[in-house]
Amino acid sequence: MNAHTRIHQLVLLISKPNIILSSRIIRSSLPPLSLKLFHRQSSTITPAFLDTVQPFLQERSKPHTSSYFTGKPAYYDLLIQLDDLISKYSAFPKRQKSPLATLWKLNAVLSQDLGISLKTSQYSKIVQKLNKLDLIEADEVKEYLKLFKRHYQLVDKREELASSKHGQLDEYNRSLTVGRRKEATARVFLIKGAGDVRVNGRPLADYFIEAKDRETCIFPFVVTETVGQYNVWALVKGGGPTGQSGAIAHAITKGLLIHNYDLKPILRKAKLVTRDTRVVERKKPGLAKARKSYTWVKR
Amino acid sequence: MSSARFRFLLNHKYLFDAKLINIQRTSFSTTIPALAKAQVKKEVKKKAPAFKQVRNEEKPKGKRSQSSNESSVGKSNPKFYKPKPIVEVEETKPGGLNVDVSGKVYTYPNDIMEKINVFGVPPIMSKEMKIFPKLSWIARDATLDLAKKLDGSKNKPSAETRIVLVGPLGVGKSSILLQIVGHALASDWIVIYIPSAIDLVNGKYAYVKLSSGDYVQPTLIAKILKQIHSVNRDKFAVQDSKTITDLIDRIKDPNTAQTALEQVLDKIDKSSMPVLLAIDEINALYATTEFTSPDHTLLEPGNLFLPRTLLEYISGQKKFRNGAVIGATSLVHKPTLSYALDAALHLTEVSPWKQVSPEIARYINKEVKSYRISEYSKNEAKALLDFYIRNNVVHEDAPTDESFTKKYMLSNGNARKFLEYCSKRL
């Protein structure tokens, strides 16, 4: 392939808008510009033709984003965008941090939207900046943040609970919920009342001897500041005192959500909504117990 | 949403402010002169800390080094070591409790306090009361009810009014019994108060076996007679008082102890003043003692002279001309729990598999009535919480209605648990 055809092909390539060529490619595919060339080459390469090609050859092509050379341009572009906004609106009035956290799109959803796979650390960085932006009182920022919000899901879960078979109050305005912890299961009736708590028919203070067990049962009320507003009738079996009190607390949180779903963020922050999956660890062969080893003997 | 569309929207919505169009960050470069101008950190010379010379004048010598309570309070954390405040509590008037409404905290006047201190207070109660400056109590419905019953039994023989206070652990049986004792003292009754019947049967006081087969505790009898005499001195005639002191002084061997007790009780009876025999931890008198016989079997309370005398009065075999016998059970010490007493008071089912020794069965009488003490009502608990707050016993900075409800819920109104939640737990 002679130089003429090479230049011709190059011009065709450069004319296409989306293609970015590195200067090295350009230079390597062309022979060095020298007067000798003009003499050696055919008559089609005229000085006029070279004039038209000149700007393409000498001007460096710049990538369209400053983060092109990072491994993840889309991610860094987003970070830059968010940082820019934060610094731009730094002087704007900001609202108070509320205990209810704004729900952002989850990692999987945001990754899909951006077209890249985000790592957890990357996602959490984005969320950090979104939380900062969330505090700014500016309409444009709020408009921008709508792209990232997950507002639709909360409504769905509330409706889901309300429409489910056991997610409503019965004819006597009681909620019946089940909670589990370790090997214990608790069925709890929750009804508006004066704060009477009975476990298997006995008062709370009589059933649980240890104060900490009583307090774990009551913890959902303490956290949501609804102490003394509900009566509790708990039927619990299996497990021991810790498991039973944890199961009752789990069932009470579920019951509270049926009575008032708005308490969910507070209960979630207090780690009461998740079912505690910690169970007794199994014994392993070669070990005395789950973790305990036999005495090490030198010989 | 496709990723392309999302990215388009991102940029579109981001570009709402014209000034923000410049997406590319403005490059900055550090020039060499700029680097050169970088601030040189000044080395801050740290002065070596000189030793603080402890002057001899600061250290007080000898007895002056004893620090007073006031100075130690100031050094400790003021949040937890609060000084004991002077709390004014209403005193009961002479002539009885004179209390019509429950839910208020009272204390005794000094003369009655002295008398109670002669007898002593049940051991667990004394520990709990240490956090308060003076013995104070709350008038409960049970107090008023029992005070009325006591007043009603003034002119009846003691066999007609025999009550045992029962209830779950820590509900306030001993406290209410003490309130009744105070009422009787204020009403000018002769009071024989035994704060701990367990001490009579747990081997605390030495025992001697007599030839008649009886076991006597001379030191215990001497102690109790001294207490009775000291508290009820003004109720006896001068002659009687003298003979009683003589009898007490002469208790050196067990036989004289026996006769002394009998004669003192006889004198009390003959004075025909109303007598209150108040026994706390009464279930110990219906369980085996910790004394052994020569053939290493455990003795029953009926074998010991003083417990037997008390049992005779409780069962009605002996009686005072005027008066009452009131007891309170104690569930703290498990070995002294008595199935026999519980069955007699209908607190447990009668089981044919559980044996009751004939020695104990002899003193069980169906005419002894049980009086159940219930948990605090919300009003009583609230009044008590206010009292505790005034005494700087509660750790909370700003107690609210909700925190009170929480304490009440967690303790279920049980007196001891409620005090624990107020004073120890946050």
Of the residues in segment A:102-111, how many are buried (at least 17 other Cβ atoms within 10 Å of the Cβ) and within 23 Å of A:LYS142 (Cβ to Cβ)? 4
Those residues that are at pLDDT 80 or above, under 20 Å from B:PRO307 (Cα atoms) and part of a loop (DSSP other than H, G, I, E, B), I need them from segment B:234-275; list them, please. none
Mind checking which residues of segment B:369-389 are at pLDDT 90 or above and either aliphatic (A, V, I, L, M) or at positive phi (or both)? B:ILE373, B:ALA381, B:ALA383, B:LEU384, B:LEU385
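Within 12 Å of chain B (Cβ to nearest Cβ) and out of contact with any Cys (no Cβ under 9 Å at 6 or more places or on another chain): does that describe A:SER90?
no
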Going by the conditions given, is A:VAL297 among the hydrophobic types (A, V, I, L, M, F, W, C), over 34 Å from the mean Cα position of the chain (by Cα) and over 30 Å from B:VAL171 (Cα atoms)? yes
Selection from segment B:329-350 of residues that are in a helix (DSSP H, G or I) and surrounded by 15 or more Cβ atoms within 10 Å (Cβ to Cβ): B:THR336, B:TYR339, B:ALA340, B:LEU341, B:ASP342, B:ALA343, B:ALA344
Per-region count, segment B:260-292, residues farther than 19 Å from B:SER241 by Cβ, free of Cβ contacts under 8 Å to residues at least 40 places away in the same chain and of a type in the set (Gly, Ala, Ser): 0
All conditions in (1) part of a loop (DSSP other than H, G, I, E, B); (2) facing chain B (nearest Cβ under 9 Å); (3) β-branched (Val, Ile, Thr) are true of A:ILE80 except (1)
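Condition test on A:ARG198, is it buried (at least 18 other Cβ atoms within 10 Å of the Cβ) and either more than 25 Å from B:PRO168 (Cβ to Cβ) or more than 9 Å from chain B (Cβ to nearest Cβ) (or both)?
no
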Tell me yes or no: at least one residue of segment B:354-368 is over 14 Å from B:ILE163 (Cβ atoms) and basic (Lys, Arg). yes
In segment A:112-153, the residues that are within 14 Å of chain B (Cβ to nearest Cβ), basic (Lys, Arg) and not in a helix (DSSP H, G or I): A:LYS149, A:ARG150
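Residues that are touching a His at 6+ places or on another chain (Cβ under 9 Å) and in a helix (DSSP H, G or I): does segment B:205-222 have at least one? I'd like the intermediate steps shown before the answer.
Our first condition is that a residue be touching a His at 6+ places or on another chain (Cβ under 9 Å); within segment B:205-222, this holds for none.
No.
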Could you tell me whether B:ARG140 is more than 30 Å from B:ASN392 (Cβ to Cβ), basic (Lys, Arg) and either in contact with a helix residue (DSSP H, G or I) (Cβ under 9 Å, 6 or more places away or on another chain) or at pLDDT 90 or above (or both)? no
Members of segment A:222-263 that are assigned to a helix (DSSP H, G or I) and of a type in the set (Phe, Trp, Tyr): A:TYR261
Filter segment B:351-389 down to residues that are free of Cβ contacts under 8 Å to residues at least 40 places away in the same chain and of a type in the set (Phe, Trp, Tyr) and give me whichever is surrounded by the fewest Cβ atoms within 10 Å (Cβ to Cβ). B:TRP353
For the subset of segment A:219-234 comprising residues that are crowded, with 23+ Cβ neighbours inside 10 Å and within 9 Å of another protein chain (Cβ to nearest Cβ), which member is nearest to A:LYS254 (Cα to Cα)? A:PHE221
Answer yes or no as to whether A:TYR75 is at pLDDT 55 or above and touching a helix residue (DSSP H, G or I) at 6+ places or on another chain (Cβ under 7 Å). yes
When every residue in segment B:406-422 that is of a type in the set (Gly, Ala, Ser) and within 15 Å of B:ALA383 (Cα to Cα) is compared, the one nearest to the chain's Cα centre (by Cα) is B:ALA415
Helices (runs of 4 or more DSSP H) enclosed by segment B:354-426 - at least 2 residues per element that are aliphatic (A, V, I, L, M) and away from chain A (no Cβ under 14 Å): B:358-361, B:378-390
Of the residues in segment B:300-328, those that are at negative phi, assigned to a loop (DSSP other than H, G, I, E, B) and surrounded by fewer than 18 Cβ atoms within 10 Å (Cβ to Cβ) come to B:GLN317, B:LYS318, B:ARG321
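The values are calculated or read from the model by the stated rules, or taken from the named source; none is laboratory data. All values reported here derive from a predicted model rather than from experimental measurement. A quick note on method: Cβ atoms are made from the backbone with ideal geometry, for glycine too, and the neighbour counts reach across all protein chains shown.
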